[in-house]
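Below is one structure, written out as structure tokens; the observations come after it.
Just so it is clear, none of the values below were taken in a lab; they were calculated from the coordinates. As the structure is a computational prediction, the values presented were derived from the model and not from experiment. We place every Cβ from the backbone using ideal geometry, glycine too, and count neighbours over all the protein chains shown.
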Amino acid sequence: GPCQGRFCGDVAGEILAARVGSREAVGTFTARPPLRPVPLADLMGSFDYADIPIPAPAPL
């Protein structure tokens with residue numbers, strides 16, 4: 001799925017283990033890169049450091 005198994009991988013593994021009888025028979029899943037590379041600029045969108053609020057200094 002879109003999360004590449006990061007959120008549902010453990011749950012799916014447990015469901016499969018219940019079906020086949022053991023977790024060892026299922027094995028582990030490996031993370032995979034996206035199907036198509038995505039430029040980081042596309043993920044960031046328009047960005048300007050001036051848009052980031054600067055927090056007040058912590059009191060001493």
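Let me know the Rg and Dmax you get for the chain when you use only its Cα atoms, in Å.
Calculated on Cα positions, Rg and Dmax stand at 20.7, 60 Å.
Within the chain, which trypsin sites (Lys or Arg not before Pro) sit in a loop by DSSP and count at most 13 neighbouring Cβ atoms inside 10 Å?
Values: sites: 6, 19, 23; in loops: 6.
Here the sparse-neighbourhood loop sites are 6.
Taking the dipole about the Cα centre of the chain, with the C-beta of Lys and Arg at +1 and of Asp and Glu at -1, give me whichever of 27, 43, 3 is farthest to the positive side.
So the residue furthest toward the plus end is 27.
Using only helices, what value at 222 nm comes out for the chain when you add -39,500 (n - 2.57) per DSSP H run of length 4 or more and divide by the total residues, to the nearest 500 deg cm²/dmol?
-8500 deg cm²/dmol
Given charges of +1 on the Cβ of Lys and Arg and -1 on the Cβ of Asp and Glu, with all other atoms neutral, how large is the dipole of the chain about its Cα centre, in debye to the nearest 20?
The dipole magnitude comes to about 320 debye.
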